[in-house]
Structure formats: C-alpha cells, structure tokens
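Asker: Here it is, the structure, as structure tokens.
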Amino acid sequence: MFSGKSTELIRRIHRYQHAKLECLVVKYLFDTRHSEEMLSTHDKVFVEAMPVQTLAEVRPFLNEYDVIGIDEGQFYPDLVEFCQDAATMGKVVVVAALDATFERKVGDVRVRAFDKVVELIPTAEKVIKLNAICSSCGQDAAFTRRLVADKTLEVRTMH
C-alpha cells in the first residue's frame, strides 16, 4: 500500500488513451474508499472504472476495448485465466496488485488470492515491482504493514 500501484496504473491507461486506444479500468467491487464507480489514488486522482467482484463480469465487454487496466488484482479469483484469455485476444492487460499479504505470505491456504498474482508473473511481458516508503524511517518498504488488529485477508473500510 502507498507504493503508487493505482497511480502507475492510471498513468499507463492515460498513455494508452493518448494513443487513441479504447481503455477499460476495472476496480474491485468492495473498494469504495473514495467512490463506488471511480478508481482513485491516495492523491485524489480519479478515473472512471467498472466495479466488479470477478473478472468474468468484464468478459462481455472485451471486444469493445484494446486495453484493460485491473486494480487490486489480488482480489480476483479468475485473474490468471482472464489475463491470459484477454492477451490471447490481442488485448493489452495492465494489472496493479499486491504480491503477498501484510504477513509476507504466499502459498498459504488462507491467502490463495496472492498465489494468483505470483502465478501471473511468468506469463507477463513486463513486471514492475513498486516499493512504498516507510512512514516511520523514510526507507523503501518492501512489504505492507497492517495498522489494525484485524487479521483477515480483506479488511473493508468506509471513508
């Protein structure tokens, strides 16, 4: 968190839009921090996005777009299959996601969501790993830190 994943996703989408490509941004249905139908950054930059719980909901619209941007990719159980199918159709797919939990776990039965992100890496044409900045010491932060006591994988907040 706070590494600039959504900011980078939006930057890339704007770049493709400048090239006159049709772009669709997808956001996780339960990410309602700033808006239900807009993807937002921590800096309050907003872009229109389709809120979905699974990427299967996007499939009927694939032929309308050249580029698909996916935010919070770790929450989609069908991430790998969707990305591979879209790429096979000639679509550009950009995914912003965490690659491990705040406990730095992958491969644990409780955190299979993050396995999907790691599974996607070998098929990706390009992987960019962003680091956050530690708010305590100012150094690069290679992993997230949960600041609430809740240990569940997905913590939903309302702003």
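Any read-out appearing in this document is the output of simple, stated calculations on the displayed coordinates, not a laboratory observation. What you see is a predicted model; the values in this text were computed from it and never measured.
Asker: Give me the Å³ per residue figure for the convex hull around the C-alpha atoms of the range 5-141.
Answerer: So the per-residue Cα hull volume is 125 Å³.
Asker: May I pose another question? Given a cut-off of under 8 Å on Cα pairs at least six residues apart, what relative contact order in percent is computed for the range 5-141?
Answerer: Once divided by the residue count of the range 5-141, the mean separation gives 21 percent.
Asker: Considering amide H positions built from the backbone, and no H for Pro or chain starts, which residues 5 or more places from Met50, or on another chain, come under 5 Å of its amide H?
Answerer: For Met50, whose amide H was placed from the backbone, the distant partners under 5 Å are Val25, Val26, Lys27.
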